[in-house]
Amino acid sequence: MKYKSTRGGVAGLGFTDALLMGLASDSGLLVPESIPDVTSQLDDLRHCSFVELAQRIVGMFVDDIDTATLNRLITEAYSTFDHPEVVGWHALDNVTVVELFHGPTLAFKDVALQLLGQLFQHVLALRNQRLNILGATSGDTGSAAIAGVRGQDNVDIFILYPKGRVSPLQELQMTSVPDRNVHCIEVDGTFDDCQRLMKETFADLDYKAKYQLGAVNSVNWARVLAQIVYYGYASLKAPAAAQFSVPTGNFGNVFAAYLAQRMGFPINKLIVATNENDILARFFATGEYALGQVHQTVSPAMDIQVASNFERFLYYYFDEDSERLNGFMSDFAATGRASLDVIPATELFAAVAINQQQTLAAMRDIKTRFGYVLDPHTAVGVAAAQQLCGAEEPILCIATAHPAKFPEAVEQATDTVPTHPSLDALSGLAQRKSSLDADLSAVKRFLAESVPA
Ligand SMILES: *Cc1c(COP(=O)(O)O)cnc(C)c1O
């Protein structure tokens, strides 16, 4: 399989080059040159374990790592999960919760970032190359990315996060990691400052090349690829064509679901569930993609206005026509809004914004009726499903985090404080972090002084 950019400026790239490139060099996003069709293999794939299915699906998109090695990397990646089938499955009434939070940092991002860590390690060793990962986080990405690459010889990872604005637990999940290749940097500013500093550092192409900078955010194709697997897996486990409700921020997770559907897995509905940051819900209702204010909510991993993976969806919506995509994206960049001539809500997609009160009410309702505790992101998806589906209609709700990661919101909704042994084990550990001003030259100087020679 070869990869090309949504913007039309890159084509014919192998998988491992796509993995290391992250964002395409023409500022677009990398996508596969074709989408494999699994329709004729479904009966066979239905019998696969999660790891076997991952090996089959990822193998269809990778032809520059030999099969035995790729299969081993995939097995290693998922050996860190504490659920025997990697993905948990919890039936309530018509709602079935698909638990993706059984990895080392208790968020669904582990499913992709554990594999990314294995892939980086293998590819960099083979090429005798180093990578210095620079990332910005408002919470979950930082710890999951660190857990994916900690202790590796050829990688150092630098995570910028806003001082005092990530939860104490999320900070501890990052700063308590003792490996020397991990660098946590609290920035005196907001998450937007961190993201801007990261983007401006990457934009200095000489600096990026000199210090071999790489990215782990969800613009990296390998993250989307790893996420296709659980949609295929869950759809084959469901008794009828699957409907999914997906708590959405950067559109990476639900985009993977869309690709699984395009590959021929039995999926017939995707609910894009957002919190008050509703740019995507408005888009699917009206065809207009218009920037709004960022609202702080109880589901902070979804407090995003510009969803970086949305470009991949638009590219397919425009029938892989880069020129139409470029027109849309440049309108949006210039004015903060762009629109389609038609309303894009389709047979396949529905979207809805869920407010804070509805989120907390869903948590309370599910706890009361079933004794099951939702995290506030998963609750957005469940509330969306309750709003858009009939009471009898089966729906699979993607659970993106373990409730113990967000104890304040869970306590507010249910009067119980959820715990998890791996989070309890962090208390009292030594922390290690550096502090910087929200200043580009300070960040660049810090990186230059910290990367191994
Ligand atoms: C990252 C994250 C999301 C949003 O996922 P996207 O792929 O950005 O749409 C939702 N919930 C949790 C807990 C997350 O960490």
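The values are calculated or read from the model by the stated rules, or taken from the named source; none is laboratory data. Values in this document were obtained by computation on a predicted structure and should not be read as measured data. Because the Cβ atoms are built from the backbone with ideal geometry, glycine has one as well, and the counts that use them run over all protein chains shown.
Please pick out the residue among Ala361, Ala345, Ala333 that is out of contact with any Asp or Glu (no Cβ under 6 Å at 6 or more places or on another chain), at pLDDT below 95, over 20 Å from Ile35 (Cα atoms) and assigned to a helix (DSSP H, G or I). Break it down stepwise before answering.
Numbers: Ala361 fails: at pLDDT below 95; Ala345 fails: assigned to a helix (DSSP H, G or I).
Just one listed residue meets the conditions, Ala333.
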> So which residues in the stretch 147-198 are within 25 Å of Val123 (Cα to Cα), touching a Leu at 6+ places or on another chain (Cβ under 6 Å) and in a helix (DSSP H, G or I), if there are any at all?
Replying inline: Gly148, Met198
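Name the single residue, out of those in the stretch 181-195 being at pLDDT 85 or above and not hydrophobic (A, V, I, L, M, F, W, C), that is nearest to Asp303 (Cα to Cα). Quick ask: steps written out before the conclusion?
Let us first name the residues in the stretch 181-195 that are at pLDDT 85 or above, namely 181-189, 193-194.
Pick out the ones that are also not hydrophobic (A, V, I, L, M, F, W, C) and you get 181, 183, 186, 188-189, 193.
Values: Asn181: 29, His183: 25, Glu186: 19, Asp188: 20, Gly189: 17, Asp193: 15 Å.
Here the residue is Asp193.
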> If Ala11 satisfies every condition in (1) among the small types (Gly, Ala, Ser); (2) part of a loop (DSSP other than H, G, I, E, B); (3) buried (at least 21 other Cβ atoms within 10 Å of the Cβ) but one, which is the exception?
Replying inline: (3)
> Considering only the stretch 204-251, how many residues are part of a loop (DSSP other than H, G, I, E, B) and away from the ligand (no atom under 16 Å from the Cβ)?
Replying inline: 7
> Does at least one position in the stretch 436-453 carry a residue that is over 25 Å from the mean Cα position of the chain (by Cα), assigned to a loop (DSSP other than H, G, I, E, B) and exposed (fewer than 14 other Cβ atoms within 10 Å of the Cβ)?
Replying inline: yes
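Just name the residue that is farthest from the chain's Cα centre (by Cα) out of those in the stretch 243-261 that are among the small types (Gly, Ala, Ser) and modelled with pLDDT under 95.
Among them, the one singled out is Gly249.
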>> Just to be sure before I move on: is Gly117 away from the ligand (no atom under 16 Å from the Cβ) and in a helix (DSSP H, G or I) in the structure I sent?
In response: yes
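Yes/no matrix, rows are residues, columns are (1) more than 22 Å from the chain's Cα centre (by Cα); (2) not charged (D, E, K, R):
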{"position": "Thr190", "(1), (2)": "no, yes"}
{"position": "Gln195", "(1), (2)": "no, yes"}
{"position": "Asp204", "(1), (2)": "yes, no"}
{"position": "Ala209", "(1), (2)": "yes, yes"}
{"position": "Val219", "(1), (2)": "no, yes"}
{"position": "Ala222", "(1), (2)": "no, yes"}
{"position": "Ile228", "(1), (2)": "no, yes"}
{"position": "Ser235", "(1), (2)": "no, yes"}
> For the stretch 268-299, what are the residues that are without any contact (Cβ under 8 Å) to a residue 60 or more places away in the chain, away from the ligand (no atom under 16 Å from the Cβ) and either in a strand (DSSP E or B) or β-branched (Val, Ile, Thr) (or both)?
Replying inline: Thr286, Glu288, Ala290
> in contact with a Phe, Trp or Tyr (Cβ under 7 Å, 6 or more places away or on another chain), farther than 12 Å from Ala351 by Cβ and within 13 Å of the ligand (Cβ to nearest atom): does that describe Asn309?
Replying inline: yes
>> Can you find, within the stretch 365-407, the residue that is farthest from Asp303 (Cα to Cα) among those that are away from the ligand (no atom under 16 Å from the Cβ) and hydroxyl-bearing (Ser, Thr, Tyr)?
In response: Thr368
> All but one of (1) hydroxyl-bearing (Ser, Thr, Tyr); (2) surrounded by 22 or more Cβ atoms within 10 Å (Cβ to Cβ); (3) assigned to a helix (DSSP H, G or I); (4) in contact (Cβ under 8 Å) with a residue 40 or more places away in the chain hold for Thr201; which doesn't?
Replying inline: (2)
